[in-house]
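Just so you know, all these numbers are worked out from the coordinates, no wet-lab data involved. Not measured: the values here are computed from a predicted model. FYI the Cβ positions are ideal-geometry reconstructions off the backbone, even for glycines, and counts take in every protein chain you see.
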Amino acid sequence: MALFSVYLPHAEDGPRSYRLENARFVRDGFSWSAFFVPVIWLVWHRTWRWVLVVLAFELGLTLLSARLGVPPATLALLGLLQMLFVGLEARKWFGLALERRGFELADIVQAGSLEDAERRFYERVAVEKSASPSVVMPPSPPRYTGVIGLFPEQGTRG
């Protein structure tokens, strides 16, 4: 089973039906396609900031090899580490890019495939709508507050 983050356009962008039709499902986990062709994957998903970072890193590797004579094996290892990093983080970067484009994280669904995730999400929305007509969308998870790690609040001491 995998986790899928569900992103919807902001409420101001249109009626509920428009928001549900334009839902984006982003699977959590490693992306093999982003591992093998990182720049193409990042351009395809319009994560422009990370395209620039990856290209700058690759340019740096090229300049490093030309000016300092770094052994090819070291360059290959650094390139492989960069590919691994992109494969691990690409889907998170895609979610952040969606948020910058006006989407909001609406739900997280556990499912075996994209089709199952879509079905579970839309079933959940339909049940909530029939249970309470005043419910517009599933409640949004809390936004990032700048806290890193296991501590629930900033400045809290144990």
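What to note about this one:
- The residue list Val86, Val53, Val109 contains one member that is aliphatic (A, V, I, L, M), within 19 Å of Glu21 (Cβ to Cβ) and within 22 Å of the chain's Cα centre (by Cα), which is Val109.
- The residues of segment 53-86 that are surrounded by 14 or more Cβ atoms within 10 Å (Cβ to Cβ), polar (S, T, N, Q) and free of Cβ contacts under 8 Å to residues at least 40 places away in the same chain amount to a single one, Ser65.
- In the set Leu20, Leu8, Leu3, Leu80, only one residue is part of a helix (DSSP H, G or I) and under 19 Å from Leu114 (Cβ atoms); that residue is Leu20.
- Residue in segment 37-44 that is over 13 Å from the mean Cα position of the chain (by Cα), assigned to a helix (DSSP H, G or I) and surrounded by fewer than 12 Cβ atoms within 10 Å (Cβ to Cβ) present: no
- Scanning segment 23-36 for residues that are in contact with a strand residue (DSSP E or B) (Cβ under 9 Å, 6 or more places away or on another chain) and not in a loop (DSSP other than H, G, I, E, B) gives Arg24, Phe25, Val26, Arg27.
- The set of residues from segment 50-77 being touching a helix residue (DSSP H, G or I) at 6+ places or on another chain (Cβ under 8 Å) and assigned to a helix (DSSP H, G or I) comprises Trp50, Val51, Val54, Leu55, Phe57, Glu58, Leu61, Leu64, Ser65, Pro72, Leu75.
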